[in-house]
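The values are calculated or read from the model by the stated rules, or taken from the named source; none is laboratory data. What you are looking at is a predicted structure, and each value in this text was computed from that prediction instead of being measured. Here the Cβ positions follow ideal geometry from the backbone for every residue, glycine too, while neighbour counts run over all protein chains shown. The protein model used for the area step is the full one, side chains on, heavy atoms only, and it has no ligands, DNA or RNA in it. Shrake-Rupley method; radii C 1.70, N 1.55, O 1.52, S 1.80 Å.
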Amino acid sequence: MSARVVRRLGAGAAAALVTLGARTALPLREGLIGGPERWNRSNHRGEPVSLLEGPAAAAGLLVGAVLGATTARDAVGAVVATAGGAAFGLVDDLTEDTGARTKGLRGHLGALAHGRVTTGGLKVLGIGATALAAAAIVTPGHGADGSRRHPLSWAADVAASGALIAATANLVNLLDLRPGRAVKAAGLAAAPIALAGGAGAGVAGAVVGAALGAVRADLAERDMLGDGGANALGALLGTAVVLDARRPVRLALLAGAVALTVVSERVSFTQVIARTPGLRELDALGRRPGAYPA
């Protein structure tokens, strides 16, 4: 068995085990700031679910990313992207003003344009900055032949890759509206990268592992990723793509992620999935009935 295969399997297994272990340990949460009530939310049924899946999944992703990265530079970049998604997402989870009507990317950007910083706006800025930093870390400054790249070419790659990491983080978060949907989507998207064996395979393996570690409790509607978990999962998925894909593929995926984000401002993903054979059955797999709108 090759070292790359061992790295991928190890990263996935570690991410799954750490996610499960952290989620088992975190219920000793009386010492957590704010007490248990701060970590509980109502799901689409109006039933209580715990946000602790988010920090647990983030822990699994971070460990898996370090083990799965092929170089120290890639490991640092993956950690920066994932930690940024987790930290700023968790701030939004725990401090969001639920009485405010500011919703969606357009709403938060509009508030920023008028000088008002919402927790969602802070998340947009924070994840954008950490995604750009991660892209700068993992983007090589030299070509395959060892020659130094032109600064403008390097900067353009960093900007596109940073935007892709941030857009993927946001897109996975947009899917976290029904049990299991976000973890299924992220895991299925990461699996081909992990199997292909390229530069991002180990990092993608960490995404698959963390998704597997979280999916059972998510589908059982005991837990949810929240912004902290979903943004972290999406950020590491985006980083795996950046490490693995050539520029044209990255640009195409960025265009697709941006288009879906814009569409989400006016179209309900849940209603589209409910009307689409195949997607509907995959989305509902393993979940209790009654998750779709009438």
| note | Longest the chain segment clear of trypsin sites (Lys or Arg not before Pro) sitting in DSSP loops (not H, G, I, E or B) with at most 12 other Cβ atoms within 10 Å runs 117-245
| Quick one: if you stick a label point 7 Å off each Cα along the C-beta vector at residue 252 and residue 24, how many nm between them? | 4.3 nm
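Could you sort 150, 44 by their accessible area in this structure, using a 1.4 Å probe and putting the largest first?
150, 44
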| Within-15-Å neighbourhood charge of residue 181 [Cβ basis; K, R +1; D, E -1] | -1
| field | Estimated distance in nm for a label pair at residue 155 and residue 96, the labels positioned 7 Å out from Cα along Cα-to-Cβ | value | 3.6 nm
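Just the accessible area per residue of the chain, please: how many Å² with a 1.4 Å probe?
Working: 13730 Å² over 294 residues.
Accessible area per residue, the chain: 47 Å².
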| request: Just the ratio, please: alpha-carbon radius of gyration of the chain over 2.2 N^0.38 Å, N its number of residues. | output: 0.97
| request: Scale the Cα Rg of the range 220-284 by the rule-of-thumb value 2.2 N^0.38 Å and send over the ratio, two decimals. | output: 1.35
| note | Calculated from DSSP helices alone, with each H run of at least 4 adding -39500 (n - 2.57) and the total divided by the residues of the chain, [θ]222 nm to the nearest 500 comes to -23000 deg cm²/dmol
| What spacing in nm lies between the two simple spin-label points modelled at residue 259 and residue 188, each 7 Å away from Cα in the Cβ direction? | 1.9 nm
| If 165, 193 are ordered by their accessible area, calculated over protein heavy atoms with a 1.4 Å probe, which sequence runs from highest to lowest? | 193, 165
| Which stretch or stretches of the range 191-206 have amide N atoms under 20 Å from the point lying 7 Å from residue 17's Cα along the Cα→Cβ direction? | 202-206
| query | In nm, what is the difference between 0.36 nm times the number of residues separating residue 195 and residue 216 and their Cα-Cα distance? | reply | 5.3 nm
| task | Leaving ligands, DNA and RNA out of it, report the carbon-plus-sulfur percent of the accessible area of the chain at a 1.4 Å probe. | result | 67 percent
